[in-house]
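Participant: Take a look at this one; I'll ask things after.
What follows draws every value from the coordinates through simple rules; no lab data is involved. Nothing here was measured: the structure is a model prediction, and the numbers come from that model. Neighbour counts run over all protein chains shown; Cβ positions are idealised from the backbone, glycine included.
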Amino acid sequence: MATKYTGGCQCGGIRYEVVGTPRKLVVCHCTDCQRQSGSAFGMTLLVGEADFHLTRGEPKSFASKSEAGRAKLGVFCPRCGTRIYHKPEWRRGTVSVKPGTLDDTSWLTPDMHIWTRSKQPWITIPGGVETHEGQPS
């Protein structure tokens, strides 16, 4: 039986499910993610595009470029503004779910930290976790 994760926005207008095993949980310290999240970093749960399904609502999208200069599409709730996922052009076939929108976040453990050269100086990355100063190849 496949694993199923559910989530949605703050107002409940957008709901989704992920069926299957997520590929990786990445913490990004780039200044774009800091700005977008309003925090010290952004988080991304990489899932297969075929495993991600909207179950309620019609989100809006916003096209932008990453700090590495690559195009990405940010998808959010038009009512409350919660960012739900990204679709980066360089990672076709995947959806980058914003894991804070999951109904249950207790199982999340980051696999990787990227753009650490932009991280806030008070952030300590645990030993044994893969890190990259910029975008990994």
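Participant: In the range 69-137, if every C-alpha pair distance is counted and binned at 10 Å from zero, what percent goes to each bin?
Facilitator: 16, 38, 41, 6
Participant: With a cut-off of at most 13 other beta carbons within 10 Å, and DSSP calling the residue loop, which GluC sites (Glu not before Pro) in the range 60-137 qualify? Please list them.
Facilitator: Listed in order of number, the matching sites are GLU133.
Participant: Okay, next question. Percent of alpha carbon pairs in the chain separated by more than 27 Å?
Facilitator: 17
Participant: Something else now. Multiply the residue separation of LYS65 and GLU133 by 0.36 nm, subtract the distance between their alpha-carbon atoms, and state the gained length in nm to one decimal.
Facilitator: Full-extension gain reported as 22.6 nm.
Participant: Which trypsin sites (Lys or Arg not before Pro) in the range 53-97 pass both tests, a DSSP loop state and at most 13 other beta-carbon atoms within 10 Å?
Facilitator: Counting only loop positions with at most 13 other Cβ atoms within 10 Å, the trypsin sites (Lys or Arg not before Pro) in the range 53-97 are ARG70, ARG92.
Participant: Where the centroid of each part is defined by its Cα atoms, how far is the range 56-105 from the range 15-33 in Å?
Facilitator: 9
Participant: May I pose another question? Straight-line reach only, C-alpha to C-alpha below 27 angstrom: list the lysines that LYS4 could link to, leaving out same-chain residues fewer than 8 apart.
Facilitator: List returned: LYS24, LYS60, LYS72, LYS87, LYS98.
Participant: Whole number please: convex hull volume per residue of the Cα set in the range 46-89, in Å³?
Facilitator: Roughly 83 Å³ of hull volume per residue.
Participant: In debye to the nearest 20, how big a dipole does the range 8-137 give about its Cα centre with +1 on each Lys and Arg Cβ and -1 on each Asp and Glu Cβ?
Facilitator: Charge dipole of the range 8-137: 400 debye, to the nearest 20.
Participant: With point charges of +1 on the Cβ of Lys and Arg and -1 on the Cβ of Asp and Glu, referenced to the Cα centre of the chain, which listed residue (THR21, THR44, LEU54) lies farthest in the positive direction of the dipole?
Facilitator: Checked the options; the winner is LEU54.
Participant: Using R₀ = 25 Å, calculate the FRET efficiency as 1/(1 + (r/R₀)^6) where r is the Cβ-Cβ separation of CYS11 and LEU73; round to 0.05.
Facilitator: Plugging the Cβ-Cβ distance into 1/(1 + (r/R0)^6) gives 0.75.
Participant: When the chain is modelled as a GNM with alpha-carbon springs shorter than 10 Å, which of ILE123, ILE14, ILE84 fluctuates the most?
Facilitator: ILE123
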